[in-house]
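The values are calculated or read from the model by the stated rules, or taken from the named source; none is laboratory data. Every value quoted in this text rests on a predicted model; they were computed, and no experiment measured them. As a convention, Cβ positions derive from the backbone with ideal geometry for all residues, glycine included, and neighbour counts pool all protein chains shown. Areas reflect the complete protein model, heavy atoms only, side chains present, ligands, DNA and RNA absent. Shrake-Rupley method; radii C 1.70, N 1.55, O 1.52, S 1.80 Å.
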Amino acid sequence: MLCTLTLFCTLALAGAPALESTCQQVAPAPVDGKWVRSPMQKRAVVLIHGYYFHFKDKNVPKAQPRPWQAADSSLVKELAKSSDVFVFAYGQNASVDTIVKQSKLSESVAQLRKLGYREIVLVGHSAGGLIARHFVEDHPDSGVTRVVQVCAPNAGSPLASFQGAKSQRAFLACLTEEGRKQCLKDRSAKLIPAKVQFLCVVAKGDGQGETDGVVPWASQWSGDLQKQGIPAVVLPGDHRAVVRDSKMAEALANLIRDEQPRWNAERIEKAKKEIFGK
């Protein structure tokens, strides 16, 4: 049965512009517009941005990379020391599931695989973390070897109920607490593939209110992921700064590069007390 949220998203998309998406190489610079794998390089990192507030409906469908994804950003420059770096951008006039199904993400990952990368790491900030999660759940054999979620609203964000541009509401509806609850229920049979390493990066914000300023801590590392043994690491800073601050670029790059095996139940419980204080 089509859930209420999916029906809402479908109706909201009626007559909407087609979904636009793009995947670009930023380090090293492509040659004549064609992606190139650095000599002996085995790892490709794909950065996926999150929600962006649009004042005008005409801009919502456009795929626009964010400044933190640019070649001269602190994070990209740090990642480029040990990886080739790509950025994925997408229009936000559709639900998360629709973006995963209709965007160029799948063909882009397939192209990276053809180039010979043995490690393909998806790094999703905020809503981008949900796109990365849904992608590996839906495409376990895509070749993605690791996902790093940064401040992802796995259990939703109370701020997503804010109504921005009309054509962006289908996307926002999927990020609300109610929307994510329904989504997790609808996708309860889908788990993170055992062969895909997965990490939740929790930004603590100012340490007050159990939120990074946008997404609650408990949403960034949600109970359903804890049950799967998904590890979590805390970084200082708020929702925006964690991917933009030059001081955090090295720490985040190390987490993206390092192995992230599953945790046992004992370690999960210990981390819950350390992160949530209970």
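Please calculate how many Å² of accessible area the chain carries per residue, with a 1.4 Å probe and no DNA, RNA or ligand atoms counted. Write out the running numbers ahead of the final one.
Numbers: 13060 Å² over 278 residues.
Accessible area per residue, the chain: 47 Å².
For the chain, set up a GNM with springs between Cα atoms under 10 Å and report which of 152, 232, 249 has the largest fluctuation.
Top of the fluctuation ranking is 249.
Within the set 81/247; 181/272; 56/166; 42/81; 34/114, which residue pairs have Cα atoms separated by over 18 Å?
Too far apart for the 18 Å limit: 181/272.
In terms of modelled amide H atoms, which long-range or inter-chain residues lie less than 5 Å from the amide H of residue 143?
none
Percent of accessible area on the chain owned by carbon and sulfur, 1.4 Å probe? List each step's numbers first, then the result.
Values: 6960 of 13060 Å².
Carbon plus sulfur share of accessible area: 53 percent.
Can you tell me which lysines have their Cα less than 20 Å from the Cα of residue 101? Leave out same-chain residues fewer than eight positions away.
Once the sequence-local lysines are set aside, what remains near residue 101 is 62, 185, 190.
Can you bin the chain into rounded, prolate or oblate? Criterion: square roots of the alpha carbon gyration tensor eigenvalues sorted a ≥ b ≥ c, rounded for a/c under 1.5, prolate for a/b above b/c, oblate for the rest. Working shown, then result.
On the way: a/c = 1.38, a/b = 1.05, b/c = 1.32.
Rounded is the answer for the chain, as its axis ratio a/c remains below 1.5.
Between rounded, prolate and oblate, where does region 154-220 land on the alpha carbon gyration tensor, with a ≥ b ≥ c its root eigenvalues, rounded for a/c under 1.5, else prolate if a/b exceeds b/c? Mind showing how you got there, number by number?
On the way: a/c = 2.20, a/b = 1.10, b/c = 2.00.
Because a/c hits 1.5 or more and a/b fails to exceed b/c, region 154-220 counts as oblate.
How much net charge surrounds residue 20 when only other residues with a Cβ under 13 Å from its Cβ are counted (Lys, Arg +1; Asp, Glu -1)?
Around residue 20, the charge tally is +3.
³J(HN,Hα) across region 190-202 via Karplus (A = 6.51, B = -1.76, C = 1.60, θ = phi - 60°), whole Hz, x for Gly/Pro?
Residue by residue, region 190-202 yields 9, 10, 5, x, 4, 7, 9, 5, 8, 9, 9, 9, 9 Hz.
Each residue of region 130-138 in order: what ³J(HN,Hα) in whole Hz does its phi give by Karplus 6.51 cos²θ - 1.76 cosθ + 1.60, θ = phi - 60°, with x for Gly and Pro?
Working through the residues one at a time gives 6, 4, 5, 5, 4, 4, 6, 5, 7 Hz.
What are the ³J(HN,Hα) values, in whole Hz, obtained from phi via the Karplus relation 6.51 cos²θ - 1.76 cosθ + 1.60 with θ = phi - 60°, for each residue of region 251-267 in sequence order, with x given for Gly and Pro?
4, 5, 4, 5, 5, 5, 7, 6, 5, 9, x, 5, 9, 7, 4, 5, 5
Based on DSSP, what percent of beta bridges with both residues in region 128-278 are antiparallel, to the nearest 5? All intermediate terms of the calculation are to be shown ahead of the outcome.
Details: 2 of 11 bridges.
Within region 128-278, antiparallel bridges account for around 20 percent of the total.
Sorted by average packing, counted as other Cβ atoms within 10 angstrom per residue and highest first, what order do 196-204, 239-247, 121-129 take?
Order by mean packing, descending: 121-129, 196-204, 239-247.
Along the Cα→Cβ direction, 7 angstrom out, place labels at residue 246 and residue 59. What is the inter-label distance in nm?
Output for this residue pair reads 2.7 nm.
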